[in-house]
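What follows is a short report on a single structure.
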Amino acid sequence: MPRANAKKITVDYICEDLGINRSTFYEWRQKGRAPKCFRIPNGDLRIYLSDYENWLAAREDSA
């Protein structure tokens, strides 16, 4: 079910937050290691902020 009112973030936001290059993010995505993404009508990727926060928390638990 879509989360219409949920905050959505961009790949650029994640890259800046983590201090990584876009190529690193897309490599992680290709390997299934990036947070869950979805495409908006113009083809750009977006990530729900809550999914990103949960993804980060899971990385902390395994560190």
Residues of the stretch 11-49 being surrounded by 13 or more Cβ atoms within 10 Å (Cβ to Cβ) and hydroxyl-bearing (Ser, Thr, Tyr), in sequence order, are TYR13, THR24, TYR26, TYR48
Quick one: which residue in TRP28, TRP55 is of a type in the set (Phe, Trp, Tyr), free of Cβ contacts under 8 Å to residues at least 12 places away in the same chain and part of a helix (DSSP H, G or I)? TRP28
Residue under evaluation LYS7, criteria (1) in contact with a Leu (Cβ under 8 Å, 6 or more places away or on another chain); (2) farther than 15 Å from LEU56 by Cβ; (3) loosely packed, with under 13 Cβ neighbours inside 10 Å, criterion not met: (2)
Meets criteria (in a loop (DSSP other than H, G, I, E, B) and of a type in the set (Val, Ile, Thr)) for ILE14: no
Inter-residue pairs, beta-carbon under 9 Å, first more than 15 Å from PRO35 (Cα to Cα) and in the stretch 12-24, second assigned to a loop (DSSP other than H, G, I, E, B), 6+ apart: none
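Values quoted throughout were computed directly from the atomic coordinates according to the rules given, and no laboratory measurement underlies them. Every value quoted in this text rests on a predicted model; they were computed, and no experiment measured them. Note: ideal-geometry Cβ built from the backbone for every residue, glycine included; neighbour counts use all protein chains shown.
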